[in-house]
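To start, the structure under review is shown below, and the notes come after it.
The values are calculated or read from the model by the stated rules, or taken from the named source; none is laboratory data. Please read all numbers here as calculations on a predicted model, not as lab measurements. All Cβ positions, glycine included, derive from the backbone under ideal geometry; neighbour counts span all protein chains shown.
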There are 4 protein chains.
Amino acid sequence: MRESEARPRGRPRSVEARTAILRATREILNEGGITAVTMEGIAARAGVGKPTIYRAWPNAHAVAMAAMMETKTKAPKVSHSRSAIADLKRQLRGVADVFASRMGRQVTSMIAAASAESELSKVFRNHFILARREEGRAILLRAIETKEVRRGIDVDLVLDMIYGPLFYRLLMAHAPLDGKFTDSVVEHAVKGLRAG
Amino acid sequence: MRESEARPRGRPRSVEARTAILRATREILNEGGITAVTMEGIAARAGVGKPTIYRAWPNAHAVAMAAMMETKTKAPKVSHSRSAIADLKRQLRGVADVFASRMGRQVTSMIAAASAESELSKVFRNHFILARREEGRAILLRAIETKEVRRGIDVDLVLDMIYGPLFYRLLMAHAPLDGKFTDSVVEHAVKGLRAG
Amino acid sequence: MRESEARPRGRPRSVEARTAILRATREILNEGGITAVTMEGIAARAGVGKPTIYRAWPNAHAVAMAAMMETKTKAPKVSHSRSAIADLKRQLRGVADVFASRMGRQVTSMIAAASAESELSKVFRNHFILARREEGRAILLRAIETKEVRRGIDVDLVLDMIYGPLFYRLLMAHAPLDGKFTDSVVEHAVKGLRAG
Amino acid sequence: MRESEARPRGRPRSVEARTAILRATREILNEGGITAVTMEGIAARAGVGKPTIYRAWPNAHAVAMAAMMETKTKAPKVSHSRSAIADLKRQLRGVADVFASRMGRQVTSMIAAASAESELSKVFRNHFILARREEGRAILLRAIETKEVRRGIDVDLVLDMIYGPLFYRLLMAHAPLDGKFTDSVVEHAVKGLRAG
DNA sequence: ATCTAAGCGAGACGGTACGTCACGTCTTGGG
DNA sequence: CCCAAGACGTGACGTACCGTCTCGCTTAGAT
């Protein structure tokens, strides 16, 4: 018995309640966005007592994060063509599409509003943002192998230079966030700025 | 045009009230952050009636933005050395320093939370973020003139590639936001990723 | 202008709200008794916000007391016959009738539950209990004048000996609280216990 | 029946649970009064499950009553002097002392709040109040035998006239509840109010 | 020199949501 | 079969702010 993990005493948490809470939260998110998510509203719609929610999450923000993370995210489908650079462009287009949607803005503003140190908000960032970045890392490493990209780059930094502009435009909205833009990001990153 | 501009009847808005409101808001921001800013709190601290605040701003968020924009921002002091690239690095370091501070996170999360279409939030973004970006544009154009950077780049896009990673790290906090990082961003941008 | 009494600043309390609150409380008291009186219930029925109630009373108990005190109490009609002692008996019967009713038990248990030192609960006691006792005092003083009762008695104490047994039976319910009982109280008080 | 005393297998934990519950309730009563007595609090302090309490009592009020009745009440020590009247005064002083204490007010308000028809609340009243009254009855009957008090009085009624004022003052708090008062009650009862 | 409209502080209003407490019931695993 | 533990749905608590609405009082341009 290795994995028994010190099962807690007493009545276990109700799976039905948890499911209902997250479903209700998801519905509210879809209908009114993050500002419409309230503990009262969730409890009422889920047919659940408020204390039941508080037992599992500290505030409505956290419930919303948990709810979002249980939504089915359509598999982003990373392609594997001859050119790793082309794959990178495709992946970046996919990410931009997702984050330009309403849901994307919601996720972004939730991250911005979160306390940043909480465990849940880290998981949330990993789930939505950094997971995409890790896909990019795989592609980038492949690009090094295929010699499309030189050895010796700082991979983490390059990833930030690829995904960063995307979120920058999303937040600042000073220019459109489209495929032309993301393609150009990759091209400029590869080509560099040097004269000659 | 006599410039009289149809001066309205009645008692004019009180300048003292406006000043007191913004000062109080600033104090609250410093003490408890954006979540501590409430209309009640501002009114109480400023010694002002709530309707007086509502006459000028639609909600507490807007007052906070206005208050932040009236804070003295120490002039970022763009340098003019021989190398425009070096100037760019210096400027980027300065921007990173400011935004890594508590105030920087506040600004960022306020932008993320704002409705994005409101006039005030555009002004706010311009004031804090895009103004820095425009400084960068000037430096970048000079770098083209000095031939440190090739003609033909998409300047707007390059600016996004330089400032974007900064905000990306700020929001995601997956890695430190220091001078080494910003320097490397510029270097990688210049050098590109190409093998050979 | 002597009586101006330093009118408070700001918007004055709404008389309509106060009226609605007390009416609602009265209705709830009639329907479910004191245990049914809750702040939420009052607010909902009165069409009033909870804070409006809390602005005027510290808890539901106090609202119930205030509501009870604004009910029309049918004038107890103290009689003035030849015999003050007979008048006293009649008055005591009236008091017993009132307090044997549901409302009487409610009043009594509210007094018992009250904090005893609060200003409101003193007023409440005066209004419902001690006012009756003061009627008794008047009759008793008249009985002294008419020489039905000897000079030299401790009037306050005698009043307690007349009204006390009534509440004792009400609370302890060890024996019925009827006119025969109250008449006998007066008779025994007058006659005394001495042998001979 | 060897009753070896080591029977940890079975269930007769029940007695210990009962004891722990009542002890915990007593402690809570002492610390915070009747309003601090809650099922949750009792269960937590007694180290007992809530259902275990509900199996034996219907609500916290009832547990509190049961707990109070198991407190050791210092024997009131009825004296037997020459004068039964003097004995009555002494006994009444003792009763007043007890009920003027914090515990006395608690008992009184619990009786006032109780539903009056429940079996437990009858037992409670008997235990605390009417038992004292029965002591008084014995003394009073002796007083009749010794001819300090005339034959023909309504004993029950006279007892109410002696103990009633005590609880009346306790509840209404319109005047002090001291030995001088209780002595006077007896004296006035004996002497009567008649002129001449 | 009035009149009068608008702004002023204060603060109460009807609401909504908060986060907590206790209720009385139920569902676990274990003795 | 009962025990402790503790989660459940319920409902009320008392508080914080919301954005709006009177109040009586300035203030200052228009009459």
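The table that follows gives values for the structure above.
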| read-out | value |
| --- | --- |
| Among (1) under 17 Å from the mean Cα position of the chain (by Cα); (2) surrounded by fewer than 17 Cβ atoms within 10 Å (Cβ to Cβ), the one test that B:Arg82 misses | (1) |
| Criterion (assigned to a loop (DSSP other than H, G, I, E, B), within 18 Å of the chain's Cα centre (by Cα) and without any contact (Cβ under 8 Å) to a residue 40 or more places away in the chain) met by exactly one of A:Glu134, A:Glu117 | A:Glu117 |
| Options A:Val63, A:Val37: the member that is within 16 Å of the chain's Cα centre (by Cα), within 16 Å of DNA strand E (Cβ to nearest atom) and modelled with pLDDT of 95 or more | A:Val63 |
| Residue within the range A:157-168 that is touching a helix residue (DSSP H, G or I) at 6+ places or on another chain (Cβ under 7 Å), free of Cβ contacts under 8 Å to residues at least 12 places away in the same chain and hydrophobic (A, V, I, L, M, F, W, C) present | yes |
| Filter result (over 19 Å from the mean Cα position of the chain (by Cα) and either more than 9 Å from chain A (Cβ to nearest Cβ) or among the aromatic types (Phe, Trp, Tyr) (or both)) within the range B:137-149 | B:Leu141, B:Arg142, B:Glu145, B:Thr146 |
| Residue tally, condition within 14 Å of C:Gln106 (Cβ to Cβ) and in contact with a Gly (Cβ under 7 Å, 6 or more places away or on another chain), over the range C:25-57 | 1 |
| Scan of the range D:167-180 for residues that are more than 7 Å from chain C (Cβ to nearest Cβ), part of a helix (DSSP H, G or I) and among the hydrophobic types (A, V, I, L, M, F, W, C), ordered by number | D:Leu170 |
| Top-ranked residue in the range C:182-191 [being under 14 Å from D:Asp160 (Cα atoms) and at the interface with another protein chain (Cβ under 7 Å from one of its Cβ atoms); ranked as surrounded by the most Cβ atoms within 10 Å (Cβ to Cβ)] | C:Val185 |
| Selected residue (only one of D:Pro58, D:Pro51 is more than 14 Å from chain C (Cβ to nearest Cβ), within 16 Å of DNA strand F (Cβ to nearest atom) and either assigned to a loop (DSSP other than H, G, I, E, B) or basic (Lys, Arg) (or both)) | D:Pro58 |
| Check on D:Gly152, among the small types (Gly, Ala, Ser), more than 8 Å from chain C (Cβ to nearest Cβ) and touching a residue at least 24 places away in the same chain (Cβ under 8 Å) | no |
| Top-ranked residue in the range A:1-24 [being over 25 Å from A:Gln106 (Cα atoms) and among the basic types (Lys, Arg); ranked as modelled with the lowest pLDDT] | A:Arg2 |
| Among residues of the range A:78-123, those that are of a type in the set (Ser, Thr, Tyr) and over 30 Å from A:Thr146 (Cα atoms), counted | 6 |
| Lone qualifier among A:Val48, A:Val37, A:Val15 - being closer than 21 Å to B:Leu171 by Cβ and hydrophobic (A, V, I, L, M, F, W, C) | A:Val37 |
| Filtered residues of the range A:8-24 (kept if within 10 Å of DNA strand E (Cβ to nearest atom) and among the hydroxyl-bearing types (Ser, Thr, Tyr)) | A:Ser14 |
| Pair list, Cβ under 6 Å, 6 or more apart: the range B:31-44 residue closer than 10 Å to B:Ala60 by Cα and assigned to a loop (DSSP other than H, G, I, E, B), other residue within 9 Å of DNA strand F (Cβ to nearest atom) and not charged (D, E, K, R) | B:Val37/B:Ala60; B:Thr38/B:Ala60 |
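Here is a yes/no grid of residues against (1) within 14 Å of another protein chain (Cβ to nearest Cβ); (2) farther than 30 Å from A:Met110 by Cα; (3) away from DNA strand E (no atom under 16 Å from the Cβ); (4) assigned to a helix (DSSP H, G or I):
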position: B:Arg82; (1), (2), (3), (4): no, yes, yes, no
position: B:Asp87; (1), (2), (3), (4): no, yes, yes, yes
position: B:Gln91; (1), (2), (3), (4): no, no, yes, yes
position: B:Gly94; (1), (2), (3), (4): no, no, yes, yes
position: B:Val98; (1), (2), (3), (4): no, no, yes, yes
position: B:Met103; (1), (2), (3), (4): no, no, yes, yes
position: B:Thr108; (1), (2), (3), (4): yes, no, yes, yes
